[in-house]
């Protein structure tokens with residue numbers, strides 16, 4: 001023990017020279033103040049001056065030494081049990097106690113008489129006053145109070161006695177001035193007192209006690225209570241969230257989430273983690289603790305109430321950090337989310353239902369029919385595969401289908417209340433929305449399952465937040481497909497039942513949506529898929545043309561932008577699409593969008609320029625005086641927009657070239673306009 005204390009003292013003496021990343025064991029950190037306390041007690045007993053003050057220093061040092069021994073025994077017993085030790089407050093308190101003890105030791109050594117150094121003793125007496133001893137005693141008292149508070153959060157037996165510093169009044173000491181630490185099985189509780197070390201930052205003490213209870217508590221109820229307290233603290237302020245993460249709360253919360261012995265504790269841990277995922281830096285800290293594999297693993301096999309919290313956690317992490325999207329993609333989080341979202345949703349293929357049934361005449365047909373029946377009968381699939389349909393991210397879609405079921409949670413799922421089921425679906429839809437936003441890998445994974453078909457069905461049948469989240473997921477997938485030709489070709493083939501269902505629902509919502517926000521989202525999605533539709537599918541542009549005259553300028557502007565993607569030169573069929581747009585009667589409402597100062601003016605001018613470039617000889621443009629309109633805005637500020645700076649002169653040139661009855665087909669260059 002003495003050798004360990006000497007090594008700890010040497011390590012503490014050279015701490016300033018060491019790198020900040022140097023790791024020392026907790027025993028060494030606690031041994032250093034214990035060694036200093038012993039030295040202070042010995043130096044105080046050898047003092048020749050200021051003996052009453054030195055005696056008080058020695059007495060407090062003795063109490064600190066006994067508190068440190070009790071703390072070491074408590075932490076050692078915690079390490080020997082299944083729960084690991086939460087050491088951050090112990091290290092912090094030990095460091096502050098070492099500073100206080102070192103200051104007291106230097107005072108006590110000044111008061112010791114040395115041989116042939118009478119003048120030095122006189123000088124020490126002259127430079128040392130009672131004020132120095134009062135300050136040193138105050139620091140030592142504060143360190144003693146910190147240690148007793150630390151013991152109070154590690155054991156409930158010391159909590160009641162942690163306020164009395166005297167030997168006679170402290171019933172947590174035995175006759176030898178040692179803490180009565182016989183009860184090693186007592187639980188760790190959340191401390192409500194405030195130690196001196198946290199007097200300037202009270203939230204630190206609360207976080208320490210909660211994290212210690214969450215990590216070292218032996219009773220699930222206490223751990224759940226501590227996790228719930230952390231969740232409440234995380235809601236209060238950004239600084240609270242930062243302190244909670246910096247003080248090491250994430251690992252015990254993840255450990256609590258993995259522990260399936262208490263559902264309430266798991267829900268509290270998931271809620272706390274979701275509240276912590278409030279900005280990119282905090283989400284990066286969660287990712288550094290390898291939280292995503294734990295989240296996906298628990299999400300794949302847990303009760304509905306917990307799954308709803310985990311889906312919310314995944315949504316918040318994906319919304320804050322693109323790196324979280326990729327992590328969830330690697331863990332294939334999309335598959336359990338789609339399975340949970342499609343629970344109790346009929347996903348019958350209409351194309352198969354209209355075809356006449358055929359009798360199976362080959363082994364291959366029998367195998368295919370068996371797989372299809374398993375995918376539409378999850379209970380049979382679960383029983384036939386012995387639960388393998390939900391066994392990990394690499395399981396095939398034929399085993400267990402796209403409904404998510406597990407044997408021992410199936411009955412609980414069926415008996416859950418409609419409110420819990422709706423909450424789970426809303427959370428899963430939001431998670432899919434955030435995971436697919438700007439992420440090609442997750443968008444592709446959704447389309448590789450029956451996710452698109454499920455989303456289309458829910459957009460059709462549901463209302464409110466669930467419908468909105470499902471629609472926004474489709475919007476994000478379409479936005480990714482706009483710039484990803486491979487995804488566009490594989491997911492939105494018009495002969496695909498899922499693609500057909502999605503397009504039909506987008507057209508319906510764009511035309512008859514219950515709110516402007518839903519209509520804008522549907523219009524945006526149709527515009528993102530503009531390069532998917534052949535010329536024969538011109539019907540998809542009719543709802544967009546109708547929305548050009550919508551009373552809400554945001555809807556009208558979104559419709560103009562979407563039609564611009566059909567009519568723009570990036571679209572291979574832009575000429576055919578422009579003709580169809582004009583045939584649907586877009587010119588009159590389009591001209592009304594060009595009023596100066598309106599938010600619809602810019603997208604409206606872009607669309608008008610595209611129409612003028614592709615079908616300049618159309619009579620509708622002539623009747624609407626499109627040429628005069630473009631000439632009137634050619635010198636305005638809006639014409640200097642990057643999207644219009646080159647378009648307007650070209651459009652004017654084309655309209656003048658094909659203007660009826662005025663020098664037809666005379667090559668007038670843009671510079672002459």
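The values are calculated or read from the model by the stated rules, or taken from the named source; none is laboratory data. What you are looking at is a predicted structure, and each value in this text was computed from that prediction instead of being measured. FYI the Cβ positions are ideal-geometry reconstructions off the backbone, even for glycines, and counts take in every protein chain you see.
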Exception for residue 586 within (1) over 20 Å from residue 643 (Cα atoms); (2) surrounded by fewer than 24 Cβ atoms within 10 Å (Cβ to Cβ) falls at (2)
Kindly state which helices (runs of 4 or more DSSP H) lie completely within segment 437-483 and contain at least 2 residues that are surrounded by fewer than 23 Cβ atoms within 10 Å (Cβ to Cβ) and assigned by TED's automatic domain parsing to the domain that holds residue 529.
-> none
Taking segment 21-50 as the region of interest, how many residues are over 15 Å from residue 103 (Cα atoms), part of a helix (DSSP H, G or I) and either touching a strand residue (DSSP E or B) at 6+ places or on another chain (Cβ under 9 Å) or without any contact (Cβ under 8 Å) to a residue 60 or more places away in the chain (or both)?
-> 4
Given the conditions (1) assigned to a loop (DSSP other than H, G, I, E, B); (2) more than 15 Å from the chain's Cα centre (by Cα), and given that residue 278 satisfies all but one, which numbered condition is not satisfied?
-> (2)
Every pair of residues 6+ apart whose Cβ atoms lie under 7 Å, when the first sits in segment 578-596 and is in the same structural domain as residue 548 (by TED's automatic domain parsing) while the second is at pLDDT below 95 and part of a loop (DSSP other than H, G, I, E, B) = 578/615; 579/615; 582/615; 582/618; 587/624; 588/624; 591/624; 593/600
Determine, yes or no, whether residue 39 is modelled with pLDDT of 85 or more, more than 18 Å from residue 216 (Cβ to Cβ), surrounded by fewer than 21 Cβ atoms within 10 Å (Cβ to Cβ) and assigned by TED's automatic domain parsing to the domain that holds residue 110.
-> yes
Residue 565 vs. criteria within 36 Å of the chain's Cα centre (by Cα), in the same structural domain as residue 605 (by TED's automatic domain parsing), assigned to a helix (DSSP H, G or I) and crowded, with 20+ Cβ neighbours inside 10 Å | yes
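Residues are listed down the side, and each one gets a yes or a no for (1) modelled with pLDDT of 90 or more; (2) crowded, with 20+ Cβ neighbours inside 10 Å:
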site: 599; (1), (2): no, no
site: 603; (1), (2): yes, yes
site: 611; (1), (2): yes, yes
site: 617; (1), (2): no, no
site: 630; (1), (2): yes, yes
site: 638; (1), (2): no, no
site: 644; (1), (2): no, yes
Options 283, 338: the member that is assigned to a helix (DSSP H, G or I), farther than 19 Å from residue 241 by Cβ and out of contact with any strand residue (DSSP E or B) (no Cβ under 6 Å at 6 or more places or on another chain) | 338
Given the structure, is residue 557 touching a residue at least 40 places away in the same chain (Cβ under 8 Å), in a helix (DSSP H, G or I) and within 37 Å of the chain's Cα centre (by Cα)?
-> yes
Selection within segment 441-485 - free of Cβ contacts under 8 Å to residues at least 40 places away in the same chain and closer than 16 Å to residue 520 by Cα | 464, 465
